[in-house]
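Everything below concerns the one structure shown next.
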Amino acid sequence: MEIERKYLVAALPPNYQSYPSRAIEQAYLCTEPVVRIRKEDGEYYLTYKSKGLLEREEYNLPLTKEAYEHLLPKADGRILTKRRYRIPIEGTALTVELDLFSGAYEGLQLAEVEFDTRQAAEQFVPPDWFGKDVTFSGEYQNSRLALKDR
């Protein structure tokens, strides 16, 4: 089960580039239900996600590079590219996944935080550098971005 809050980023945090990051490329074979393929540096995955905004089922399966490259041309919409920084939230066990998009969504900055429980997600107080909470709009789900004209 994935329990996650998503925010637009008002201002990048200081020294964000000093944190670990990965280059991500992902595309969607289906958006209802969500079936995604992802290349994250040298690792490849196929992911299934159920419907939902704050909470949803998520399953990840490893792919080979060859399988990923075979499936990529079959994807719907655009391929999303971004760099993901993993930034710990001071005084908590939580980590922010800061996504800085490139390509068609150059300039889009999103922050996601995953939680162990729905209650923890609902009680979360975001850091000052977070902007608008877009968790419940669905507008910034990557599967929707892949199909959206920009």
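Using θ = phi - 60° in the Karplus curve 6.51 cos²θ - 1.76 cosθ + 1.60, the 3J(HN,Hα) couplings for the range 111-116 round to 10, 10, 10, 9, 10, 7 Hz; x is entered for Gly and Pro. Of the residues A11, A27, L46, the one whose Cα sits farthest towards the positive end of the charge dipole of the range 1-80 is A11 (charges of +1 on Lys and Arg Cβ, -1 on Asp and Glu Cβ, taken about the Cα centre).
If you sort E2, E122 by accessible surface, 1.4 Å probe, largest first, the order is E122, E2.
Give me the dipole magnitude in Debye, nearest 20, for the chain about the Cα centre, with unit charges on the beta carbon: positive for Lys and Arg, negative for Asp and Glu. Present the calculation step by step, with values, prior to reporting the outcome.
Numbers: 21 positive and 25 negative charges, 80 e Å.
Using only the charged Cβ atoms, the result is roughly 380 debye.
The range 53-124 and the range 1-26 have Cα centres lying 8 Å from one another.
Taking 35 Å as R0, compute the FRET efficiency from the Cβ-Cβ separation of R22 and L53 and round it to 0.05.
On the way: r = 25 Å, r/R0 = 0.70.
Step by step, r from the Cβ atoms, then E = 0.90.
Of the whole protein surface, T95 contributes about 40 Å² of accessible area at a 1.4 Å probe radius.
If I stretch the segment between T92 and L12 completely, what's the gain in nm (0.36 nm per residue apart, minus their alpha carbon distance), one decimal? Before the final figure, lay out each step's value.
On the way: separation 80, 0.36 × 80 = 28.80 nm, distance 1.96 nm.
Value of the extension gain: 26.8 nm.
Placing +1 on the Cβ of every Lys and Arg and -1 on the Cβ of every Asp and Glu, with nothing else charged, gives the range 1-87 a dipole about its Cα centre of roughly 300 debye.
Working note: Karplus 6.51/-1.76/1.60 with θ = phi - 60° gives the range 119-129 the couplings 4, 4, 5, 5, 8, 4, 10, x, x, 4, 7 Hz, where Gly and Pro are set to x. Over the chain, the fraction of Cα-Cα pairs per 10 Å bin, rounded to whole percents and listed from the shortest bin up, is 11, 40, 38, 11, 0. Based on C-alpha pairs under 8 angstrom that are at least 6 apart in sequence, the chain has a relative contact order of 32 percent. Ranking R5, R22, R86 by solvent-accessible area of protein heavy atoms (1.4 Å probe, all protein chains present), from largest to smallest, gives R86, R22, R5. Using the Karplus relation 6.51 cos²θ - 1.76 cosθ + 1.60 with θ = phi - 60°, the per-residue 3J(HN,Hα) values for the range 44-58 come to 10, 9, 10, 10, 10, 10, 7, 5, x, 10, 7, 10, 6, 6, 9 Hz, with x marking Gly and Pro.
The H on the amide N of L94, modeled in the peptide plane, is under 5 Å from the matching H of I89, each at least 5 residues off or on a different chain.
The values are calculated or read from the model by the stated rules, or taken from the named source; none is laboratory data. Not measured: the values here are computed from a predicted model. Here the Cβ is made from the backbone with ideal geometry for all residues, glycine too, and neighbour counts use every protein chain on show. Just so you know, the surface numbers come from the protein's heavy atoms only, side chains and all, with ligands and any DNA or RNA stripped out. Shrake-Rupley method; radii C 1.70, N 1.55, O 1.52, S 1.80 Å.
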